[in-house]
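The values are calculated or read from the model by the stated rules, or taken from the named source; none is laboratory data. What you see is a predicted model, and the numbers here were worked out from it, not measured in a lab. Using ideal geometry, Cβ is built from the backbone for each residue, glycine included, and neighbour counts are taken over all protein chains shown.
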Amino acid sequence: MGKKKSSSGGKGGGKSFACAACAAPLVPWEGGNATVCCQKSYCEACTSSQRAQDKCSNCGTALPRCDADSRALLEKSANRGDSEAQAMLADRLMASGATRAAVLLYRASAAQGHARAIYNLGACYEQGKGVGGVDECNAFIYYQKAAAMGYRKAQFNLGNAYRTGKGLEDRDLGKAIDQYLLAAKQGSAEAQYNYALMHFNGMGCAVDKRRAIDYCKLAADQGYVPAVRKLPIWQMSPDRQRAAREAPPSSGGLRVAAAGAAVAALLWFWFA
């Protein structure tokens with residue numbers, strides 16, 4: 001399969017990504033706090049408020065008491081053709097191991113332009129779940145479609161595909177950086193870290209350690225472990241980094257702990 005044209009970070013389909021109660025902006029297509037009754041998405045604060053009231057703020061339906069009740073509400077909406085309900089139900093089926101049934105629902109949702117379902121189809125092809133085997137070319141196609149709709153997980157995976165060449169004829173580090181940046185701007189810690197690594201090591205771009213440190217810090221501030229480990233090393237002066245590398249072995253055969261945990265972290269060069 002040949003390379004596809006790089007996608008933009010558009011939101012896709014004119015869909016609104018705001019809390020159904022207070023209109024606070026939400027990350028596009030995440031759907032993490034969507035209700036099972038009417039599939040409306042809410043911010044964390046309004047989700048907590050709904051739980052306290054024990055009912056949906058939008059339609060007034062009582063919150064389900066058990067998984068069976070929750071699934072019944074999703075199935076009702078999915079059977080009516082609601083794309084969010086189809087995607088949410090597919091997620092549950094996939095988690096339970098019913099991969100083929102999940103893929104059927106992902107396809108139904110994706111046909112209506114649901115970016116998360118499109119992305120999940122890509123993941124199914126990448127992992128060979130419910131689709132008859134691994135197909136990296138198809139995975140790339142679906143990731144690209146979902147990335148063009150602004151879904152940050154798809155942008156991150158598309159960046160990985162461009163970086164590694166999976167599903168392509170060759171790597172394209174410049175396009176990998178572009179996709180990592182799109183996802184990083186939406187708060188993806190993984191993308192922030194990978195974007196930082198590319199700039200620190202000059203992969204597909206000029207070395208820019210200041211930018212690398214800034215984005216690594218963004219990921220570290222979210223608790224992303226590889227970034228937390230890497231950041232203190234990058235913030236050390238070159239002389240201190242050199243001293244840490246050249247520290248003589250101790251009597252126990254280990255490095256002197258002059259730089260503490262940072263010494264061990266120096267061994268983490270790429271995706272530790």
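Quick notes
- Helices (runs of 4 or more DSSP H) contained in segment 72-160 and holding at least 3 residues of a type outside the set (Lys, Arg), in contact (Cβ under 8 Å) with a residue 12 or more places away in the chain and within 30 Å of Thr61 (Cα to Cα): 83-96, 99-110, 115-127
- Comparison of Ala85, Ala90, Ala102 shows that the only residue that is in contact with a Phe, Trp or Tyr (Cβ under 6 Å, 6 or more places away or on another chain) and crowded, with 16+ Cβ neighbours inside 10 Å is Ala90.
- Within segment 212-229, residues that are closer than 11 Å to Gln192 by Cα and in contact (Cβ under 8 Å) with a residue 60 or more places away in the chain reach no partner that is polar (S, T, N, Q) and part of a helix (DSSP H, G or I) with beta carbons closer than 8 Å at six or more positions or on different chains.
- Residue in segment 153-162 that is crowded, with 21+ Cβ neighbours inside 10 Å, more than 14 Å from the chain's Cα centre (by Cα) and in the same structural domain as Gly97 (by TED's automatic domain parsing) present: yes
- Ala115 being crowded, with 19+ Cβ neighbours inside 10 Å, in contact with a Phe, Trp or Tyr (Cβ under 6 Å, 6 or more places away or on another chain), within 17 Å of Ala34 (Cβ to Cβ) and at pLDDT 95 or above: yes
- Against the test of being at pLDDT 90 or above and surrounded by fewer than 15 Cβ atoms within 10 Å (Cβ to Cβ), the options Lys76, Lys5 yield a single qualifying residue, Lys76.
- Hits in segment 218-254 - residues which are at pLDDT below 50 and in contact with a strand residue (DSSP E or B) (Cβ under 7 Å, 6 or more places away or on another chain): none
- Cβ-Cβ under 7 Å pairs, at least 6 apart or on other chains, segment 46-59 side of a type in the set (Asp, Glu), far side outside any helix (DSSP H, G or I): Asp54/Ala62; Asp54/Leu63
- The residue pairs whose first member lies in segment 164-177 and is assigned by TED's automatic domain parsing to the domain that holds Gly204, whose second member is outside any helix (DSSP H, G or I) and among the charged types (D, E, K, R), and whose beta carbons are closer than 6 Å, counting only pairs six or more residues apart or on different chains, do not exist in this structure.
- Only listed residue being within 22 Å of the chain's Cα centre (by Cα) and within 20 Å of Pro28 (Cβ to Cβ), chosen from Ser109, Ser96: Ser109
- Scanning segment 41-67 for residues that are surrounded by 18 or more Cβ atoms within 10 Å (Cβ to Cβ) and assigned to a loop (DSSP other than H, G, I, E, B) returns Tyr42, Cys43, Cys56, Ser57.
This table checks each residue for (1) assigned by TED's automatic domain parsing to the domain that holds Pro25; (2) of a type in the set (A, V, I, L, M, F, W, C); (3) buried (at least 21 other Cβ atoms within 10 Å of the Cβ); (4) within 14 Å of Tyr151 (Cα to Cα).
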{"residue": "Gln179", "(1), (2), (3), (4)": "yes, no, yes, yes"}
{"residue": "Ala206", "(1), (2), (3), (4)": "no, yes, no, no"}
{"residue": "Lys209", "(1), (2), (3), (4)": "no, no, no, no"}
{"residue": "Lys217", "(1), (2), (3), (4)": "no, no, no, no"}
